[in-house]
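Peer 1: Have a look at the structure that comes next, please.
Readers should treat all values here as calculations from the given coordinates under stated rules, not as data from a laboratory. From a predicted model like this one, the values you see are computed outputs, not experimental measurements. Here the Cβ positions follow ideal geometry from the backbone for every residue, glycine too, while neighbour counts run over all protein chains shown.
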Amino acid sequence: MAIIESRAMSIWDGIAEFVAVVDAGSFSAAAKRLGVSTSYVSRRVADLEARLGIRLLARSTRQVRMTDAGAEYYRRCTDLTAGLEEANQVVAGETAEVAGRIRVAAAGAFAEQCVAPALAEFAAHHPKVQIEISFNSRIINLIDEGFDFAIRYGVLEDSSLIARKLTDRTLVACASPDYLKRRGIPTVPEDLRDHDCLCSNSDRWRFTYPEGHQVIRVSGPWISNNGVALVAAAMQNLGIIYLPRVNLADALDTGKLVPILEDFWDRDRVTWLVYPSRRHLPLRVRRVIDFLLKYFRTHGKDQVV
């Protein structure tokens, strides 16, 4: 019996410490999280590597990163630990405590002004949860970079992810009063070809007509992937912008920008919550996803239309 227990114990030895190092980014941070010494964590991971006969982590004086084998092992270990956590949750039922780190990738005004406050409300209800939000406009690989889920807008290109709709968002066309006084007010989207348009990630703007959607190609003197920069340029009378209302709320409410082409706005752009297709989701991730979906179903729409 002792031999069986010893063998079962050895299978798991070092895995929790290895996962903690990857999640925390260093041995010292992992030790602090686990409540043990740094040398203990280092020894446990070294023993795990020796037992497997492979190097899982590449260590330097400045950082710790996973080797290719380590990245694959981490993916499989997190799935195993998530399955174990799910088993514990089934036994504990509704009394299971929500705890641990949740890593979120997001970008843009909607994430900053709507998603972040919602996550803060969730964290307030679950004090043992640690939420880490990375605001980055690049599309990241959620599994390789260790994120639990991401907030994405528009057309999804990665079909391997599970996508849950958070909310519809309306694109609003607007410009400064001075620009419109100087250049005239467009009455149909086709008029934009004769205007200066301030572009974000695309120079093809989609509008809604009674018979369906139509794409208008535009151009202008200002291109940026940052909504704040586009709004600033529009308020300096440089041209017309076409962005979700959450980016424009203050400028529209104060009259610094005025809406145009309202009958043609694209009103069915979607913001998605996406996460890797895993057999098991940790309780903390499942709970926060359910919370966000309910949050935006009940009152999130008022913030973004």
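Peer 1: Where a Cα-Cα gap under 16 Å defines reach, which lysines qualify for LYS128, not counting those fewer than 8 residues away within the same chain?
Peer 2: Within the straight-line cut-off, LYS128 pairs with LYS32.
Peer 1: Follow-up question, since we're still on this one. Among all stretches of the chain without exposed GluC sites (Glu not before Pro) (DSSP loop, at most 14 other Cβ atoms within 10 Å), which one is longest? Let's see the in-between values first.
Peer 2: Details: sites that count: GLU97, GLU145, GLU157, GLU211.
Longest run free of exposed loop sites: 1-96.
Peer 1: First check a/c for the chain, with a ≥ b ≥ c the square roots of the eigenvalues of its C-alpha gyration tensor; if it is under 1.5, answer rounded, and if not, answer prolate when a/b is larger than b/c or oblate otherwise. Mind showing how you got there, number by number?
Peer 2: Numbers: a/c = 2.92, a/b = 2.40, b/c = 1.22.
It is prolate, given that a/c is not under 1.5 and a/b is the larger ratio.
Peer 1: What helices in the chain pass both tests, a Cα length along the helix axis of 15 Å or more and a mean Kyte hydropathy of -1.0 or higher, using whole DSSP H runs? Provide the component values of the computation, followed by the final result.
Peer 2: Numbers: long enough: 2-12 (16 Å, 0.77); 38-52 (21 Å, -0.30); 68-92 (36 Å, -0.43); 283-295 (18 Å, 0.38).
Those that clear 15 Å and a mean of -1.0 are 2-12, 38-52, 68-92, 283-295.
Peer 1: How many percent of DSSP beta bridges within the chain run antiparallel, rounded to 5? List each step's numbers first, then the result.
Peer 2: Working: 28 of 39 bridges.
Among the beta bridges of the chain, antiparallel pairing accounts for roughly 70 percent.
Peer 1: To continue, here is another question. For the range 223-262, what does the alpha-carbon gyration tensor say about shape, rounded, prolate or oblate, given a ≥ b ≥ c as the root eigenvalues, a/c under 1.5 as rounded, and a/b over b/c as prolate?
Peer 2: On the way: a/c = 1.39, a/b = 1.29, b/c = 1.07.
Rounded.
Peer 1: Sticking with this structure for a sec: Assign one of three labels to the range 171-266, namely rounded, prolate or oblate, based on the Cα gyration tensor with a ≥ b ≥ c the square roots of its eigenvalues; rounded applies when a/c is under 1.5, prolate when it is not and a/b is larger than b/c, and oblate otherwise.
Peer 2: Details: a/c = 1.35, a/b = 1.32, b/c = 1.03.
Rounded, because the longest to shortest axis ratio a/c is under 1.5.
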